[in-house]
1. Suppose we filter region 599-646 for residues that are among the basic types (Lys, Arg) and touching a Ser or Thr at 6+ places or on another chain (Cβ under 7 Å); how many remain?
2. Which is within 12 Å of ligand 1 (Cβ to nearest atom) and either among the β-branched types (Val, Ile, Thr) or assigned to a helix (DSSP H, G or I) (or both), of 304, 335?
3. Please work out which one of (1) away from ligand 1 (no atom under 16 Å from the Cβ); (2) surrounded by fewer than 17 Cβ atoms within 10 Å (Cβ to Cβ); (3) within 25 Å of residue 47 (Cβ to Cβ) is the condition residue 142 fails and give its number.
4. Looking for whichever is touching a strand residue (DSSP E or B) at 6+ places or on another chain (Cβ under 7 Å) and not in a helix (DSSP H, G or I) here; the options are 450, 405. Which one fits?
5. Considering only region 233-261, state which residues are farther than 18 Å from residue 364 by Cβ and either free of Cβ contacts under 8 Å to residues at least 12 places away in the same chain or outside any helix (DSSP H, G or I) (or both).
6. Against the condition more than 16 Å from ligand 2 (Cβ to nearest atom) and assigned to a loop (DSSP other than H, G, I, E, B), how does residue 285 come out, does it pass?
7. Go through region 62-95 and give me each residue that's more than 9 Å from ligand 1 (Cβ to nearest atom), small (Gly, Ala, Ser) and over 24 Å from the mean Cα position of the chain (by Cα).
8. Provide a single number: the residues in region 477-509 that are more than 22 Å from residue 262 (Cα to Cα) and either in contact with a Leu (Cβ under 8 Å, 6 or more places away or on another chain) or free of Cβ contacts under 8 Å to residues at least 12 places away in the same chain (or both).
Amino acid sequence: QNKRNENTISEPHASKNEEQKELIEESYEDIQNKRKQLPAYKCGNEILNIVRENQVVVIVGETGSGKTTQLPQILSKEYGKKIGITQPRRVAALSVATRVAQEMNVELGTLVGYTIRFEDKTTKDTRIKYMTDGILLRETLKDSMLYEYDCIIMDEAHERTLNTDVLLGFFKNLLAKRRDIKLIITSATMNASKFVQFFPNAPNYIIPGRTFPVTNIYTRFPVSDYLESAIQQCVKIHMSTPLNEDILIFMTGQEDVEMACGMLMEKLIAVYSSKYQEDPDKLQNEICIFPFYSTLPQDSQKQVFKPLNSTNKRKVIVSTNIAETSLTIDGIKHVIDCGYSKLKVYNPRIGLDSLQITPISQANAQQRSGRAGRTGPGTCYRLYTESTFLFEMYKETIPEIQRTNLSNVLLMLKSLGVQDVLSFPFIDPPPKVTLMTSLYELWSIGTLDNMGNLTKLGTQMAKFPLNPNLCKMLINSIALDCTEELLIIVSMLSIPNIFYRPKNAEAEADKERARFYVAGSDHITLLNVYSQWRANRYSSQWCKKHYIIYRSMQRANDIIGQLRSIMDSIVKGNMRKSRRYNSNKTNTILGIHDNNTFSSWKNVRKCIVSGYSYKNIGKRVGLNKYISLQNGMPLQLHPTSSLFGLGDLPPYVVYHELLLTTKEYITVVTAADPIWLVEYNLLFFNISCTDSAQQEIAENIQKLKEKKLKRLQDDKAMFNSNAIK
Ligand code: ADP
Ligand code: MG
């Protein structure tokens, strides 16, 4: 399984079913009728009553019962200001807002809108606002009383994302200060008791709903390849059950979803050609396969919800866990559950968060099964043994707060004025050692002072919806006079994928990609892509020609605009620096650096290096191997790195991401001059320069280090005794 994920650059699946005639557009009447059938709709009045009488209500209901789409509409009858609904996933916020706008027969972005990071589709008249939990958390920084809202629904609270947990703690304090605000916590049928314990006066309202029994079928032996097994199982179901019974397959991520869709088609063609030799079109008439994952283009996502126009045709949806509780697709009769999902895991060995394929918990498994029993009895094929389910899976997924790095959250709390983060009311307190490590990290990059208070840098950083590394780069770019360049680089790093690598044209795509390489820096390579795109008047044709994803580039443009306005607000308060930073200087990059070589980018490189902390530094050992400076772990340069274009690999690098597959790959890498490391980010690690030709540098480093080290050690001792008690 790992091997498949090594290739991170895969094609964004333009659904083969793009313009399917067999999909039905629902009429307004259909939509209203469907709405009225939803359990949540039916208990609208009861819900209004209970919310009227209580400040906090915990509402539990089966997935698909209409919590997300109906509750805001119900509450808007009574609550006049703005209703905010938080979602753990961007895609859910967007998709559900679209649906609700449709149900209310208004244009999306007017009465109903959504806000996700870097994308705001609301106006001042918006009354129902879907957003990610991260967005609401950011809003609390601007207005810690949340005066704009009179009602907040924290949806999908059972997911227990980091942001949700912090918001819960935040509300614990806010509720007493704003007696008029209502908080509704909704949860699928799991983990709800936790919330009731946390808000002791909150009633727990259960939306009555009918579910049908689902038969779980386990494998007899552990499967060696869940992808293969899923395909086999799906073919088996398809050959043996009526065509109006749809199938939902749970995979872990975009890569294996795409892979499964392809393999399933191949397998079916093989089976059909032996079975129906004389009628090769039969397959087309019998089955529609849809991939479903969060980065799928919106249009393709919408298709998945539409009913087929024939009952003699089967829908197969291959999805990541977004279909587990966030988004409900109707008509599913069979579920195939691979038993894994991708989870952000803090790995203390490497000191970083990474997405890892992880076994799901029993609660997840039950939710997945549940998808098969919404309209009648169903079946769930679990691609694991019953004993795995009973004895190896956790009962519930460990909340994110207990398995991730907390730097961002702590920075947020500090900005909210929470001095003593160790006693913040967390619903499940994170391990103390994680808190302390994260505080230390914040101090080490200069966001906290020796007393544990936010520094000026820290205050500025909290303004950006970005991780601390990227914030720091942007802020440092002011002094290094390369803000334009860094705005582009940071924005390009904030979108998942830029390079397009279609299945049958890998070599061609790689060749095109290589044309943009600025040997020695993958960060600057990204800048180069952007500059050339801009020089070609932001053309979509140009993107197509060079295997660049146009949609991603447009997104980068949006992000640049938003980050620029935050930068402007920072620079405003600083006259000396504002002279250097000219926000209108947009067309100069190619002019300044028309020679795209490594050495001409000194300030930009320096600035990139300055952003990363000791956790993102690699040190070369031998000719082409790197190890982590922090802990000696071996690191591999990703094959797509532009660093291979240098004659010799540089002795030190900074990297943006660590990709855990069969090997530990570092991606988006830039060569780092050791002296910059000492100057900007090195604390207690040994940077050396063994190359005798660089004797002078080595001596400089030594001097700088000695000077710094003593002071640092004093500072660290002071921080430890003041800020971490
Ligand atoms: P819950 O939040 O309780 O899980 P939802 O409110 O999300 O339930 O879903 C209620 C119904 O609305 C389901 O039948 C679902 O299929 C439908 N629905 C939700 N989002 C969409 C969408 N984007 N397009 C079409 N139907 C949708
Ligand atoms: Mg929901």
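The values are calculated or read from the model by the stated rules, or taken from the named source; none is laboratory data. No experiment lies behind these values; they were computed from the predicted model shown. Because the Cβ atoms are built from the backbone with ideal geometry, glycine has one as well, and the counts that use them run over all protein chains shown.
1. Residues that pass the stated criteria total 1.
2. Exactly one residue qualifies, and that residue is 304.
3. So the condition that residue 142 fails would be (3).
4. So the residue among 450, 405 that is touching a strand residue (DSSP E or B) at 6+ places or on another chain (Cβ under 7 Å) and not in a helix (DSSP H, G or I) is 405.
5. Result: 236, 240, 241, 242, 243, 244, 245, 246, 247.
6. No: the conditions fail for residue 285.
7. 76, 80
8. 13
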